[in-house]
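Step one of this worksheet: look at the structure below.
What follows draws every value from the coordinates through simple rules; no lab data is involved. Quick caveat: nothing in here was measured; it's all calculated off a predicted structure. Glycine also receives a Cβ, built like all others from the backbone with ideal geometry; neighbour counts cover every protein chain displayed.
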Amino acid sequence: MTGALREKIASEITLSNTPGKTIRKWREELEISQHDLSQHLNLSPSVISDYESGRRKSPGTKTVKKIVDALLELDKTRKSNLYFAEPSDLSDIILSMKEFPVGRPAAEFLKEIKGVNLCKDVPLERNIHGYTVLDSLKTITTLRSSDYWRIYGWSTERALVFSGVKYGRSPMVAVRAHPLKPAMVVYIQPEKIDKLAVKLAELENVCLAKTALSEKEVVSKLEAF
């Protein structure tokens with residue numbers, strides 16, 4: 001699992017429009033302090049801080065590789081769940097998943113599935129690099145924290161599409177609580193949208209949308225998108 005995780009983190013940092021924020025996101029996901037990371041790399045803590053805040057020029061691929069290797073080496077010594085856990089079978093949780101060769105505009109993505117934007121304060125200016133359709137209840141009740149990164153494929157700049165949603169509060173609470181954030185969350189045929197779900201999406205700057213299409217229709221359209 002380590003090789004796949006290393007490739008995923010390195011790719012996401014390199015392709016990110018804000019690599020410093022992506023470094024911080026993964027550092028926090030692995031629960032590694034700036035001090036420990038900088039010490040492992042024999043750097044001043046201010047250097048890591050400057051990278052993460054964007055005050056320092058984005059790191060090149062060699063530096064990214066060193067940072068990713070350091071994160072995973074530190075994680076290994078702490079024997080965290082993320083590094084050592086055997087991957088679960090997510091076939092019951094992930095209903096469909098795809099990476100796009102190039103980013104697709106969020107507005108275009110929503111148009112394809114007849115989605116309605118629920119957060120007027122979150123502009124649809126981001127590109128979507130992939131999607132994951134998830135069974136909402138099984139995701140919330142059975143997905144282990146050590147497997148959470150796997151629903152993001154090769155980029156968190158993707159849409160998490162939840163089926164079986166009633167009010168939408170629980171999925172957004174889960175997104176809010178975890179360091180990894182999607183670009184968009186879509187609910188398939190929700191009964192009603194909880195105002196808290198919209199508020200949490202706005203706080204996280206995540207596009208929140210709903211679609212009246214069925215799960216089968218959404219999957220069919222996205223797989224052909």
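Laid out as a table, the results:
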item: Computed over the stretch 2-84, the ratio Rg/Rh where both radii use C-alpha atoms and Rh is Kirkwood; result: 0.93
item: Bins of 5 Å, starting at 0 and running to the largest distance - Cα pair percent for the chain; result: 1, 7, 15, 18, 19, 16, 12, 8, 4, 1, 0
item: Top positive-direction residue, dipole computed over the chain with Cβ charges, set Val186, Ile113, Ser44; result: Ser44
item: Of the GluC sites (Glu not before Pro) in the stretch 10-43, those whose Cβ has at most 16 other Cβ within 10 Å and which sit in DSSP loop; result: Glu31
item: Considering only the chain, percent of DSSP beta bridges that pair antiparallel, nearest 5; result: 40 percent
item: Charge dipole (debye, nearest 20) of the stretch 94-224; +1 at Cβ of Lys and Arg, -1 at Cβ of Asp and Glu; result: 240 debye
item: The chain: calculated mean residue ellipticity at 222 nm from DSSP helix runs of at least 4, using -39500 (n - 2.57); result: -13500 deg cm²/dmol
item: Exposure proxy order (Cβ contacts within 10 Å, fewest to most) of Trp154, Trp26; result: Trp154, Trp26
item: Diffusion constant of the stretch 127-225 at 10 °C, which comes from Stokes-Einstein with the Kirkwood Cα-pair radius and 1.306 mPa s, µm²/s; result: 118 µm²/s
item: Neighbour-count order for Phe225, Phe109, fewest beta carbons within 10 angstrom listed first; result: Phe225, Phe109
item: Given 11 as the ceiling on other Cβ atoms within 10 Å, longest exposed-site-free region of the chain for trypsin sites (Lys or Arg not before Pro) in DSSP loops; result: 121-191
item: Flagged links, alpha-carbon separation over 32 Å, of Lys25/Lys199; Lys57/Lys138; Lys181/Lys221; result: Lys57/Lys138
item: Nearby aspartates and glutamates by direct alpha-carbon distance to Lys195 (threshold 19 angstrom, same-chain neighbours under 8 apart not counted); result: Asp121, Glu204
item: Centre separation in Å (Cα based) which lies between the stretch 208-225 and the stretch 36-59; result: 41 Å
item: In the stretch 152-205, GluC sites (Glu not before Pro) in a DSSP loop with at most 10 other beta-carbon atoms within 10 Å; result: Glu191
item: Rg and Dmax [Cα atoms of the stretch 114-185; Å; Rg one decimal, Dmax integer]; result: 12.1, 33
